[in-house]
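Written out below as structure tokens is the structure these notes cover.
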Amino acid sequence: MKRKNVWSKDFTLITAGTIISAIAGQAISLPFSLLVFDQTQSALLSAIMFVSGMLPNFILPLFIAPLIDRGNKKKIIVTLDYLTGVLYLLIALIVSKTGFNYQLFVAFSLIAGVIGAIYHLTYTAWYPDLIPVGFEQQGFAVSSSIYPTVIMVMSPVAAWLYKVMPIHLLLVLIGFLTLIAATFELFIRNQGFQKREEALGWQEYLADCKAGLSYLKKEKGLKNIYSYMAITNGVATGIQLMVQAYFQTVQFLTVAMLAFLRTAETLGRMLGGLVQYKFNIKPEKRFGITKFVYFTYETLDMLLLFMPYPFMIVNRFICGVLGMTSFTLRETSVQSYLPRDMRAKINAIFNVAVSFAVIVFQLSAGYVGDMLGYRKTVVLFTAISMVAIIGFIAIPSAVNRKVYEATRREQQEKMA
């Protein structure tokens, strides 16, 4: 019987688990940051805790990717979710006895960062296998819509929970939610496991570590796409910092107005996800649409701070729709193009590159913004993105198009 939609048993279970995990993550992230600042009254100490959670993303993915590509991805995901749930319950018990302890929270943030780095890499390598063949666009539209929706709903709920619930009870709640998510995932049939006859010795491990770089070196289309994405992700964080600074320093704008701006973008992302779910775009049209979206998005970013506020709202809503469109088409294409035994290794390289770019552009934006002003810095940074689009996406169209037109059926036929 021919399948009519994306909602297989495995896909439904992973979606349910992801939604619950996303709710748990959003319910604790804001209260954690609020609590640390309330208790320390130090932006630096708050930043240190934030950075401690990010540190594992710089190096760890490169070393664990070969193990993930060869391993049982379901077992890794379920184990990490159960481990995270137990960790939350353990921290809740300690906090209930000792109260706030900054060193404990930093250590917890670091451990959670290690778990999160492994989890994210395994999840992105496993997720394409849980989508029924032929429904990749629908599947990625669903997954990419989860977090914007949860963030919009849970942000005010998290702030309310922080006011009414002691932190140790909130940690208990998050722990149980994570355990429930793991239980959903436990019933997924697909193991995400690629059997290998040879054992993974030290030489094989080193060879696997190098394999990702060797593969990416040969695949010019993927290299172009990931190079552009690293730059544009870094630029986006710099622009976000400039927009926030602009709203905090211009007399007729407020932080509340900035919040509405972000809400408009989130609503745009939700609509973009719905459109991608309902209307399947043919593989041969993906690349043309993506190029149009990239140029339009950067143009809107460049104009944002020169617009009256009502037009800023419209601007961000349109960017939300466009951003979700490009993300869904790119993930559908790239994850279909990548061989199963390369997904974790290539995604690891991408994660490290993006983390590096984010730090570089974030620091650069702060420095340049103080010298040139916030609006000029946004123009400069979007110009950098425009150059990246031309150099990495538009000019080498032939090699990039091959990636964007990929389907999983083609990949499976190659491996057969």
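The values are calculated or read from the model by the stated rules, or taken from the named source; none is laboratory data. Values in this document were obtained by computation on a predicted structure and should not be read as measured data. Reconstructed Cβ throughout: ideal geometry from the backbone, glycine too, with neighbour counts over all protein chains shown. Side chains included, ligands, DNA and RNA excluded: accessible areas come from the protein's heavy atoms. Shrake-Rupley method; radii C 1.70, N 1.55, O 1.52, S 1.80 Å.
Using Cβ point charges alone (K and R +1, D and E -1), the dipole size of region 342-411 about the Cα centre works out to roughly 280 debye. Using a 7 Å offset from Cα along Cα-Cβ at VAL399, what residues in region 215-236 end up with backbone N under 12 Å from the label point? Counting only backbone N, you get 216-227. Normalised size of region 170-311, defined as Cα radius of gyration per 2.2 N^0.38 Å with N residues, equals 1.55.
More than 17 Å apart: what percent of Cα pairs in region 1-84 qualify? Walk me through the numbers before you get to the answer.
On the way: 2387 of 3486 pairs.
Result: 68 percent of Cα pairs exceed 17 Å.
Per residue, the accessible area of the chain comes to 48 Å² when a 1.4 Å probe rolls over the protein heavy atoms. Relative protection proxy for 379-389, 203-213, 49-59, 319-329, from highest mean packing down: 319-329, 379-389, 49-59, 203-213 (other beta-carbon atoms within 10 angstrom).
Spin-label model, MET307 to ALA159: label points 7 Å out along the Cα-to-beta-carbon direction sit 2.3 nm apart. Of all the options MET257, MET270, MET302, the one that moves most in a Gaussian network model of the chain with Cα springs shorter than 10 angstrom is MET257.
In the elastic network of the chain, a GNM with C-alpha springs shorter than 10 Å, the most mobile of LEU110, LEU253, LEU83 is LEU253. Taking label positions 7 Å along the Cα-Cβ direction at both ILE59 and VAL133, the computed distance is 4.2 nm, reported to one decimal. For VAL314 and LEU363, the FRET efficiency from 1/(1 + (r/R0)^6), where r spans their Cβ atoms and R0 equals 30 Å, is about 0.45. About the centre of its Cα atoms, region 78-225 shows a dipole size close to 320 debye [charges on the beta carbon of Lys, Arg (+1) and Asp, Glu (-1) only; nearest 20 debye].
Per-residue ellipticity at 222 nm, computed for the chain from helices alone with -39500 (n - 2.57) per DSSP H run of at least four residues, works out to -29000 deg cm²/dmol.
Taking the centroid of alpha carbons for each part, region 332-408 and region 31-105 are 27 Å apart. Peptides 18-25, 258-265 ranked from most to least packed give 18-25, 258-265, packing being the mean of other C-beta atoms within 10 angstrom over each peptide's residues. If you model region 83-147 as an ellipsoid using its alpha carbon gyration tensor, with each semi-axis the square root of five times an eigenvalue, the axes come out at 35, 11, 10 Å, biggest first.
Evaluated with a Cβ-only charge set (Lys, Arg +1; Asp, Glu -1), the chain carries a dipole of roughly 980 debye about its Cα centre, given to the nearest 20.
What FRET efficiency, computed as 1/(1 + (r/R0)^6) with R0 = 51 Å and r the Cβ-Cβ distance, is obtained for LEU206 and PHE37, rounded to the nearest 0.05? For LEU206 and PHE37, the calculated efficiency is 0.70. Counting only whole DSSP H helices of the chain, the ones at least 20 Å long by C-alpha along their axis and with mean Kyte-Doolittle hydropathy no lower than -0.5 are 9-40, 56-70, 73-98, 102-130, 136-164, 167-186, 220-249, 255-278, 283-303, 309-337, 343-372, 374-388. Distance between the C-alpha centers of region 234-275 and region 161-175? Whole Å please. First find each Cα centre; the distance between them is then 28 Å. Checking the a/c ratio against 1.5 first, then a/b against b/c, what shape does the Cα gyration tensor give for region 19-155? Note, shape of region 19-155 comes out prolate. Hydrodynamic analysis of region 275-386 uses the Kirkwood radius over alpha carbon pairs. Inserted into Stokes-Einstein at 20 °C and 1.002 mPa s, it gives a translational diffusion coefficient of 132 µm²/s. Run the accessible area of region 4-142 with a 1.4 Å probe and give the carbon-and-sulfur part as a rounded percent. The nonpolar share, carbon plus sulfur, comes to 73 percent. Looking at the chain, the pairs of alpha carbons with a distance over 39 Å make up 19% of the total.
How many percent of Cα pairs in region 37-90 exceed 14 Å? For region 37-90, the share of Cα pairs beyond 14 Å comes to 71 percent.
Within the listed set LYS220, LYS282, LYS73, the Gaussian network model of the chain (springs between alpha-carbon atoms below 10 Å) gives the highest mean-square fluctuation for LYS282.
Of the residues PRO156, TYR215, GLN251, the one whose Cα sits farthest toward the positive end of the charge dipole of region 153-273, with +1 on the Cβ of Lys and Arg and -1 on the Cβ of Asp and Glu, is GLN251. Between the residues PHE327, ALA388, VAL275, the greatest Cα displacement towards the positive end of the dipole of the chain, with unit charges on the Cβ of Lys, Arg, Asp and Glu, is found for VAL275.
List, in the order given, every pair from LYS9/LYS345; LYS74/LYS223; LYS220/LYS291; LYS97/LYS163; LYS285/LYS376 whose Cα-Cα distance in the structure shown is over 26 Å. As for pairs spanning more than 26 Å Cα to Cα, those are LYS9/LYS345; LYS74/LYS223; LYS285/LYS376.
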